[in-house]
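Enquirer: Please find one structure pasted underneath; my questions will follow.
The values are calculated or read from the model by the stated rules, or taken from the named source; none is laboratory data. What you see is a predicted model; the values in this text were computed from it and never measured. Neighbour counts run over all protein chains shown; Cβ positions are idealised from the backbone, glycine included. Accessible surface is based on the protein model in full, side chains and every heavy atom, while ligands, DNA and RNA are left aside. Shrake-Rupley method; radii C 1.70, N 1.55, O 1.52, S 1.80 Å.
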Amino acid sequence: PRKIPYSSIPQFEAVIERRVAAREKLRRTGTIAPWVFCFDAPVKLHGRLYHAAGAPLFLTRKRGDCVLLPMLRANLASACKRAKVPRLLFHDFRRSAARNFERAGVPRSVARMVGGWSDRIYSRYAIGAENELGAAMADVGGYLEQRGWHSGGTRQRNPTKSQESMAEGGGSRTLRRQY
């Protein structure tokens, strides 16, 4: 479990508040649900109970991974169709969140904490887009122009010996400095 200050994003706050209201409704009917995202009413189809109130939205398989229920997957597919966007998987939202964190400039350590990702998984999700490459190269060029074009953007060293007394005039035999 983690604490996330969600009030700075009104849309996220609205979702959480709806979930709090649903949990309160369940509590009043005597149903205790340990999940934030659960069914707030039983799901019945043709007289058959498919999901009880308070049941989780995800099923956990024997392997330990979670899967979105087929009914919710179908709802997501129809929502994508109505919105005229390509069909999405629920997992795509995790990748989108990682990209949004990266593009918003959120430090990786914070983004990983919010998303619950390992460094390896976060790196896989935070995929760059080709249209970002030009801006990135312009940023690097501006940085190097400001800080100097020498190695690593660090301050140039002042040699302790004079240039004349150093071998090759202070340069390297394999890579001569260009001034």
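Enquirer: Once the whole set of protein chains is in place, how much accessible area is left on Asp92, using a 1.4 Å probe, in Å² to the nearest 10?
Expert: 30 Å²
Enquirer: Along the Cα→Cβ direction, 7 angstrom out, place labels at Ile32 and Gln11. What is the inter-label distance in nm?
Expert: 3.6 nm
Enquirer: In addition: Net charge within 13 Å of Val106 by Cβ-Cβ distance, Lys/Arg positive one each and Asp/Glu negative one each, not counting Val106 itself?
Expert: Cβ neighbours under 13 Å give a net charge of +3.
Enquirer: Phe101 accessible area, nearest 10 Å², 1.4 Å probe?
Expert: About 50 Å², ignoring ligands and nucleic acids.
Enquirer: For Ile16, what accessible area in Å² do you get when you roll a 1.4 Å probe over the heavy atoms of the protein chains, rounding to the nearest 10?
Expert: Ile16 has an accessible surface of roughly 30 Å² with all protein chains in place.
Enquirer: State, as an integer percentage, the relative contact order of the range 1-112 based on alpha-carbon contacts under 8 Å between residues 6 or more apart.
Expert: Over the range 1-112, the number comes to 11 percent.
Enquirer: A further question follows. Above 18 Å lies some portion of the pair distances; for the range 7-92, what is it as a whole percent of all C-alpha pairs?
Expert: Cα-Cα pairs in the range 7-92 separated by more than 18 Å: 58 percent.
Enquirer: Got a sec? What order do Tyr6, Tyr125 fall in by accessible area at 1.4 Å, biggest, i.e. largest, first?
Expert: Heavy-atom accessible area, descending, gives Tyr6, Tyr125.
Enquirer: Within the range 1-44, which trypsin sites (Lys or Arg not before Pro) sit in a loop by DSSP and count at most 14 neighbouring Cβ atoms inside 10 Å?
Expert: For trypsin sites (Lys or Arg not before Pro) across the range 1-44 that sit outside H, G, I, E and B with at most 14 neighbouring Cβ atoms in 10 Å, the list reads Arg2, Lys3.
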